[in-house]
There are 2 protein chains.
Amino acid sequence: MKRIRGRNMKRRSFLQRATGAVAAATAAASFPKPAISQGLMEWTMVTTWPMNFPGLGTGANLLADFITRGSGGRLTVKVRGAGEIVPAFEAMDAVSGGTVEMGHGAPYYWKGKVPATQFIPSGPFGMTAQELNAWIQYGGGQELADKVYGELGCKFFASGNSGVQMGGWFNKEMNSLDDYQGLKMRIPGLGGEVVKAAGGNVVNLPGAEIQPALQSGAIDATEWVGPYNDLAFGLYKSAKFYYYPGWQEPATCLDNFINIKKWEALPGDLKALIEAANAAVNHLVLGEFIARNNTALLVLLTQHNVQLRRFSNEILYGLGELAGQVLNDLASRDRLSREVFDSALNFRKDAIAWSKTSEQAYLAARGLPFKYAEPSTG
Amino acid sequence: MKRIRGRNMKRRSFLQRATGAVAAATAAASFPKPAISQGLMEWTMVTTWPMNFPGLGTGANLLADFITRGSGGRLTVKVRGAGEIVPAFEAMDAVSGGTVEMGHGAPYYWKGKVPATQFIPSGPFGMTAQELNAWIQYGGGQELADKVYGELGCKFFASGNSGVQMGGWFNKEMNSLDDYQGLKMRIPGLGGEVVKAAGGNVVNLPGAEIQPALQSGAIDATEWVGPYNDLAFGLYKSAKFYYYPGWQEPATCLDNFINIKKWEALPGDLKALIEAANAAVNHLVLGEFIARNNTALLVLLTQHNVQLRRFSNEILYGLGELAGQVLNDLASRDRLSREVFDSALNFRKDAIAWSKTSEQAYLAARGLPFKYAEPSTG
């Protein structure tokens, strides 16, 4: 995933021409908010996604909808897509600075401001979605994330999860770890650091520039999200091989960040509602990806002649070794990153042991070639 | 899981001495509800769990808490454990009949009333928690469950998930499918039907009678939930071998059932709040099990000398074959069961295909023996 450039520019209005925090603040202050005089509130949620972007933008919509409906309109949340009020990656500044009240994006988008944010979602060879959620809720992750987002002047909520992503789109077959030598690949974040350590030539491109770059041969490969998003994005038009599994992003969580002063000033019932709404969305977004990915994958394979490939164990083993070193080095650069990473590492170890007895063992059992029931034709 | 008898009898009050629906209704009507006069509501949630039972009863508490806090007290939900107002398995009658407004339990508890309920949670070799949730939310499961619960006069919400359970506690080693011949095992529900088809002598016992029966040799084996619950239950005192994976209950969902007239009379904001609160709890309960199971498993293995055993592929293959036949036969006995099972089967097929490319493939990759990062000691 990462770095979707706002493309829905038709929604451009006078607001978007405002540049810089001061102008944006002025613009936001000029929003009509007639309801406030009746004791009702209207909040704006800026997102890093184009409006209604499948799974991600629709997750932000769901969150706004739960809060607005659940509060009976006492707190109406309006969603604004990337570029409508501020560009995607200025969403955090707009919330930190109080221009708008809340935002929706992904933790690693803010690593340039606070490096520890990139250790909150699950990184290369990290936890699965349900393990990550368990860590956040019952393993100390929420408290650490609040500490990290506190540096940004925000309250943190996990607010959606894309589940296990795909490994990416490649225009050459990957047969061994050596094939990463000189590979020009668009893969941002921690996954990109691992590919770099494997000898890759890692570049970062915003969403809109990926397909042309693949088409022209400027890059050999790219990762994005998974079939549901990748089909919509048209990446199959410019790459032949679709690799799995997504070792680099096994469970990227989305974030809902709320200006800390606005959060603290809320009455308890709205705080509880926002907490429940985020937990609900965290779970619903994952459900949407799981429900839609397989159908999309089938379309890619049968209608667009995409060739599905599994990374070999040799490649995965090699990337796993590199990931351990790279993440360890990065986490050691500042105290807060180390604190988050250590907590996640401890939980990961326990979660893996339990998964081997539960999820992983069960999936292996279910995968045995017995004949199961079939839907009735009647 | 299944059939926890309410054991917290210290909470017995005059209410519990009331027997039968009429008496219970009278008792409930005599609850002090002073708040109603101020436009505030108080609802009672009867549960099939003892108060505060780990993971399950605490899930019901979480739900009540989100609704009560999120509504600012406009709708206060009071939780009552099994046996406090009605015995565990009369919870549905109490809600259907309007004695109380809502309940918390598990769908298959109501199979004696509407057989299709048992096809709503994930049965033998069925979907994982995140797949089941995706089916409920995005695959038509919610609509079907509402149809099924409509027969009971209730609105349905998925409200917690125990994740992959354990295979159970055994006093003899299971080396082949033949070892099920004559095995006296407490295993209720669809899993019990499969064990019966394998030649087992299946019995059903309420929670409190399981350990004595294991101890005396009246039964050879039992299933329950997983380490977190099983440790609290003390089953390790009477059985040597702890088998995995829990092929019989890979993702049992809990249910929140609401009297349909009470539900329909709610204003939209409280409906949205209850919907969000259930989705939140659905996800939080699973997180609690994942966070607690491994620690509990370690205690069982290291402090109580429990021997962990994996069912062989031969056994799992054989049980898988039998499960297909048994479930197919049971589902074909009535139209509604068939409708639910067919929908779940179709979704399961897609979910398995996606899991092989995502979750299952990822877990295998993560399980390779590379050296990963370790928590810092500093």
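The values are calculated or read from the model by the stated rules, or taken from the named source; none is laboratory data. Just so we're clear, the structure is a prediction, and the values are computed from it rather than from any experiment. Here the Cβ positions follow ideal geometry from the backbone for every residue, glycine too, while neighbour counts run over all protein chains shown.
For segment B:299-321, give me the residue count where each residue is facing another protein chain (nearest Cβ under 9 Å) and either in a helix (DSSP H, G or I) or over 17 Å from B:Ser176 (Cα atoms) (or both).
Of the residues in segment B:299-321, the ones facing another protein chain (nearest Cβ under 9 Å) are B:308, B:310-311, B:313, B:316-321.
After this cut, where a residue has to be either in a helix (DSSP H, G or I) or over 17 Å from B:Ser176 (Cα atoms) (or both) as well, the list is B:313, B:316-321.
Qualifying residue count for the region: 7.
Might you check whether a residue that is modelled with pLDDT of 95 or more, assigned to a helix (DSSP H, G or I), crowded, with 21+ Cβ neighbours inside 10 Å and away from chain B (no Cβ under 14 Å) occurs anywhere in segment A:72-90?
Yes, because at least one residue in segment A:72-90 is modelled with pLDDT of 95 or more, assigned to a helix (DSSP H, G or I), crowded, with 21+ Cβ neighbours inside 10 Å and away from chain B (no Cβ under 14 Å).
Six or more apart or on different chains, Cβ under 7 Å: which pairs go from a residue in segment B:130-146 that's facing chain A (nearest Cβ under 7 Å) and closer than 19 Å to B:Leu286 by Cα to one that's among the β-branched types (Val, Ile, Thr) and assigned to a helix (DSSP H, G or I)? Could you list them?
B:Gln130/A:Ile290; B:Glu131/A:Ile290; B:Ala134/A:Ile290
Determine if segment A:245-258 includes at least one residue that is of a type in the set (Asp, Glu) and in a loop (DSSP other than H, G, I, E, B). Let's see the steps before the verdict.
Step one: of segment A:245-258, the residues of a type in the set (Asp, Glu) are A:249, A:255.
With the extra rule that they be in a loop (DSSP other than H, G, I, E, B), the set shrinks to A:249.
Within segment A:245-258 (the criterion being of a type in the set (Asp, Glu) and in a loop (DSSP other than H, G, I, E, B)), the answer is yes, since at least one residue qualifies.
Being surrounded by 19 or more Cβ atoms within 10 Å (Cβ to Cβ), among the basic types (Lys, Arg) and not assigned by TED's automatic domain parsing to the domain that holds A:Ala116, is that true of even one residue in segment A:347-354?
There is at least one residue in segment A:347-354 that is surrounded by 19 or more Cβ atoms within 10 Å (Cβ to Cβ), among the basic types (Lys, Arg) and not assigned by TED's automatic domain parsing to the domain that holds A:Ala116.
Would segment B:249-265 turn up any residue that is of a type outside the set (Asp, Glu), without any contact (Cβ under 8 Å) to a residue 12 or more places away in the chain and closer than 30 Å to A:Ala277 by Cβ? Reasoning before the result, please.
Restricting attention to segment B:249-265, the residues satisfying the condition of being of a type outside the set (Asp, Glu) are B:250-254, B:256-263, B:265.
From the residues that got through so far, the ones that are without any contact (Cβ under 8 Å) to a residue 12 or more places away in the chain too are B:265.
Next, only the ones that are closer than 30 Å to A:Ala277 by Cβ stay: B:265.
Yes, that holds for at least one residue.
Can you work out which of the residues in segment A:231-271 that are more than 24 Å from the chain's Cα centre (by Cα) and small (Gly, Ala, Ser) is farthest from A:Gln215 (Cα to Cα)?
Per the criteria, the residue is A:Gly268.
Out of curiosity, is B:Ile274 in a helix (DSSP H, G or I), under 21 Å from B:Gln130 (Cα atoms), more than 8 Å from chain A (Cβ to nearest Cβ) and in contact (Cβ under 8 Å) with a residue 24 or more places away in the chain?
Details: in a helix (DSSP H, G or I): yes; under 21 Å from B:Gln130 (Cα atoms): yes; more than 8 Å from chain A (Cβ to nearest Cβ): yes; in contact (Cβ under 8 Å) with a residue 24 or more places away in the chain: yes.
When the stated conditions are applied, B:Ile274 passes them.
Just need a number here: residues in segment B:140-173 that are hydroxyl-bearing (Ser, Thr, Tyr) and within 30 Å of B:Ala239 (Cβ to Cβ).
Of segment B:140-173, the ones hydroxyl-bearing (Ser, Thr, Tyr) are B:149, B:159, B:162.
The next check asks that each one be within 30 Å of B:Ala239 (Cβ to Cβ); those that pass are B:162.
Number of matching residues: 1.
Do we have any residue at all in segment B:342-354 that's hydroxyl-bearing (Ser, Thr, Tyr) and facing chain A (nearest Cβ under 7 Å)? I'd like the intermediate steps shown before the answer.
Filtering segment B:342-354 for residues hydroxyl-bearing (Ser, Thr, Tyr) gives B:343.
Keeping just the survivors that are facing chain A (nearest Cβ under 7 Å) gives none.
Within segment B:342-354 (the criterion being hydroxyl-bearing (Ser, Thr, Tyr) and facing chain A (nearest Cβ under 7 Å)), the answer is no, since none of the residues qualifies.
Mind counting the residues in segment B:96-129 that are away from every other protein chain (no Cβ under 11 Å), in contact with a Gly (Cβ under 6 Å, 6 or more places away or on another chain) and at pLDDT 95 or above?
Qualifying residue count, segment B:96-129: 1.
Name the residues in segment B:100-118 that are under 21 Å from B:Val285 (Cβ atoms) and not in a loop (DSSP other than H, G, I, E, B), would you?
Residues satisfying the conditions are B:Met102, B:Gly103, B:His104, B:Gly105, B:Pro107, B:Tyr108, B:Tyr109, B:Trp110, B:Thr117, B:Gln118.
Please verify whether segment A:169-188 includes one or more residues that are on the phi > 0 side of the Ramachandran plot and in the same structural domain as A:Asp350 (by TED's automatic domain parsing).
Our first condition is that a residue be on the phi > 0 side of the Ramachandran plot; within segment A:169-188, this holds for A:182.
Retained after the next criterion (residues that are in the same structural domain as A:Asp350 (by TED's automatic domain parsing)): A:182.
Yes; the residues of segment A:169-188 include at least one that is on the phi > 0 side of the Ramachandran plot and in the same structural domain as A:Asp350 (by TED's automatic domain parsing).
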